[in-house]
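Student: Just dropping this structure here.
The values are calculated or read from the model by the stated rules, or taken from the named source; none is laboratory data. Note that the structure is a prediction, hence the values are computed from the model and not measured. Reconstructed Cβ throughout: ideal geometry from the backbone, glycine too, with neighbour counts over all protein chains shown.
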Amino acid sequence: MAKRNKLMIWSVAFVLAIVFALPSGPVDAAKRRYVSIAAGWVTGAYFPMAGAISRIAWKHLKDDGIKVTAESSGASVANAKLIGAGDTDFAILQNDIASYAHHGKKGMFDKPIKNLLGVCTLFPEHVQLIARKDSNIKSVADLKGKKVAIGPVGSGTTENAKQILEAWGLTTDDLAKAEQLTASQSADYIKDGRLDAAFFTVAVGAAVIMDTALIVDTDIVPIEGPNVDKLIAKYPFYAKQVVAGGTYKGNDNDIPTVSVMAMLSARADLEADIVYKILSAMYSDLAQLKKAHAKFKDISMEKGLVGMGIPLHPGAEKYFKEKGVLK
């Protein structure tokens, strides 16, 4: 019996010696956190944004064990639902859709997604109505009887298109055809003549529009006039903007339009320190962020709450209070 006990003691000692001899990283496995960002189409600005956040986290938060993965997803509505289902930790989406989701908009969300909370707003997303030049579409009113892409099912673009049509006294029934297509599909349909026009709610300078303008003669249709004031009065998350002349081939003059804001959101039950640390890393390395897309050049901590229409995540609230942005 004594011999057996002595053997067991030596066995345990041997195992412990091996364990302690193994190299250990800066972060214990139990503390390591992998978080995901639902980021939208790879052709838009959301995916580069999520990729930049992932690289910043790798650069600055390795010792905290925080690793961020960018994931391609449907669009704003789909991203809100992923948060609601607990299938992602962060999501990038439009501020208007975030408001609809959190408060519950009939016909779009079955019930309010109260665990969708705000982290920060990022950059304006211009509603860009692109038309083939040979379609002779010069205003929103001219869309009547035309074949128009209004964004994919479950997207913020679709909501924007419907609201803009509404401001001009139109519905999708007034169109010859209302196609529910992704941004890349819309571009392909315009190129080969299957569409007259398409709505894109994306950052100015989006590659999908630039490529289209290089292949086929297009116009950026102005969204302007008294109907814009009517639109903003009903939907105050819109703001007047311009698409700067020279952005796209054939676009020599500033074209008036409207925009919503892209924003970063998070699950309410995501640890506050993770949200806080990711925000801190983002704003401490804006140079890395701004390299990812031309539209990110104006992102700043001071503008981080512009257009925020839903409650803040506790981690974001702590950060912005410490920085004096939130009183």
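Student: Return only the number of the condition from (1) assigned to a strand (DSSP E or B); (2) free of Cβ contacts under 8 Å to residues at least 24 places away in the same chain; (3) touching a Gly at 6+ places or on another chain (Cβ under 6 Å) that Asn253 does not satisfy.
Tutor: With (1) assigned to a strand (DSSP E or B); (2) free of Cβ contacts under 8 Å to residues at least 24 places away in the same chain; (3) touching a Gly at 6+ places or on another chain (Cβ under 6 Å) applied to Asn253, the lone miss is (1).
Student: Now for a separate question. I'm told Ser265 meets every condition in (1) touching a Phe, Trp or Tyr at 6+ places or on another chain (Cβ under 8 Å); (2) assigned by TED's automatic domain parsing to the domain that holds Val228 except one. Can you identify the failing condition by its number?
Tutor: (2)
Student: Suppose we keep only residues that are of a type in the set (Ser, Thr, Tyr) and crowded, with 23+ Cβ neighbours inside 10 Å within the range 46-85. Which one would you say is farthest from Ser36 (Cα to Cα)? Quick ask: steps written out before the conclusion?
Tutor: Just the residues of the range 46-85 that are of a type in the set (Ser, Thr, Tyr), to begin with: 46, 54, 69, 72-73, 76.
Now narrow it down to the ones that are crowded, with 23+ Cβ neighbours inside 10 Å: 46, 73, 76.
Values: Tyr46: 13, Ser73: 11, Ser76: 15 Å.
Per the criteria, the residue is Ser76.
Student: Say whether the condition of being over 18 Å from Ile150 (Cα atoms), touching a Phe, Trp or Tyr at 6+ places or on another chain (Cβ under 6 Å) and not acidic (Asp, Glu) is met by at least one residue in the range 221-233.
Tutor: yes
Student: If you don't mind, another one. Could you tell me which residue of the range 292-321 is nearest to the chain's Cα centre (by Cα), considering only residues that are under 18 Å from Leu117 (Cβ atoms) and in a helix (DSSP H, G or I)? Before you say what the answer is, go through the steps one by one.
Tutor: From the range 292-321, those under 18 Å from Leu117 (Cβ atoms) are 304-321; that's our starting set.
From what's left, in a helix (DSSP H, G or I): 314-321.
Values: Pro314: 20, Gly315: 19, Ala316: 17, Glu317: 20, Lys318: 22, Tyr319: 21, Phe320: 20, Lys321: 24 Å.
Ranking the qualifying residues of the range 292-321, first place goes to Ala316.
Student: Let me ask you something else. Which count do you get for residues in the range 141-159 that are out of contact with any Gly (no Cβ under 9 Å at 6 or more places or on another chain) and either among the charged types (D, E, K, R) or in a helix (DSSP H, G or I) (or both)? Lay out the reasoning, then the answer.
Tutor: Of the residues in the range 141-159, the ones out of contact with any Gly (no Cβ under 9 Å at 6 or more places or on another chain) are 142-151, 156.
Filter again for either among the charged types (D, E, K, R) or in a helix (DSSP H, G or I) (or both), leaving 142-144, 146-147, 156.
Here the count works out to 6.
Student: Would you be able to tell me the number of residues in the range 233-250 that are touching a residue at least 40 places away in the same chain (Cβ under 8 Å) and part of a strand (DSSP E or B)?
Tutor: Residues in the range 233-250 being touching a residue at least 40 places away in the same chain (Cβ under 8 Å) and part of a strand (DSSP E or B): 3 in total.
Student: Name the residue, out of Lys230, Lys249, Lys234, Lys240, that is in the same structural domain as Gly145 (by TED's automatic domain parsing), surrounded by fewer than 18 Cβ atoms within 10 Å (Cβ to Cβ), under 18 Å from Thr158 (Cα atoms) and of a type outside the set (A, V, I, L, M, F, W, C).
Tutor: Details: Lys230 fails: under 18 Å from Thr158 (Cα atoms); Lys249 fails: under 18 Å from Thr158 (Cα atoms); Lys240 fails: under 18 Å from Thr158 (Cα atoms).
Just one listed residue meets the conditions, Lys234.
Student: Same structure, new question: Leu279 is checked against (1) over 21 Å from Gly156 (Cα atoms); (2) within 18 Å of the chain's Cα centre (by Cα); (3) surrounded by fewer than 20 Cβ atoms within 10 Å (Cβ to Cβ) and fails just one. What number does that condition carry?
Tutor: The number of the failed condition is (3).
Student: Look at the range 168-214 and say how many of its residues are farther than 23 Å from Gly250 by Cβ and either buried (at least 23 other Cβ atoms within 10 Å of the Cβ) or polar (S, T, N, Q) (or both).
Tutor: Within the range 168-214, residues that are farther than 23 Å from Gly250 by Cβ and either buried (at least 23 other Cβ atoms within 10 Å of the Cβ) or polar (S, T, N, Q) (or both) number 4.
Student: Further question on the same structure: So which pairs qualify, if the first residue must be in the range 38-63 and without any contact (Cβ under 8 Å) to a residue 60 or more places away in the chain, the second must be in a loop (DSSP other than H, G, I, E, B) and among the acidic types (Asp, Glu), the Cβ gap must be under 7 Å, and the two must be at least 6 apart or on different chains?
Tutor: none
Student: Tell me which residues, restricted to the range 116-136, are closer than 19 Å to Gly307 by Cα and of a type outside the set (A, V, I, L, M, F, W, C).
Tutor: Step one: of the range 116-136, the residues closer than 19 Å to Gly307 by Cα are 116-127.
Result: Gly118, Thr121, Pro124, Glu125, His126.
Student: Here's something else I'd like to know. Tell me, please, whether a residue that is in contact with a Gly (Cβ under 9 Å, 6 or more places away or on another chain) and assigned to a loop (DSSP other than H, G, I, E, B) can be found in the range 281-291.
Tutor: no
Student: A follow-up question, please. Only one of Ser284, Ser280, Ser300, Ser259 is in contact with an Asp or Glu (Cβ under 6 Å, 6 or more places away or on another chain) and either among the β-branched types (Val, Ile, Thr) or touching a residue at least 12 places away in the same chain (Cβ under 8 Å) (or both); which?
Tutor: Ser259
Student: Counting just the residues of the range 107-121 that are at pLDDT 95 or above and more than 20 Å from Ser300 (Cα to Cα), which one comes out surrounded by the most Cβ atoms within 10 Å (Cβ to Cβ)?
Tutor: Let us first name the residues in the range 107-121 that are at pLDDT 95 or above, namely 112-120.
Of the ones still in play, those that are also more than 20 Å from Ser300 (Cα to Cα) are 112-116.
Working: Pro112: 14, Ile113: 24, Lys114: 14, Asn115: 17, Leu116: 28.
Per the stated criteria, the residue is Leu116.
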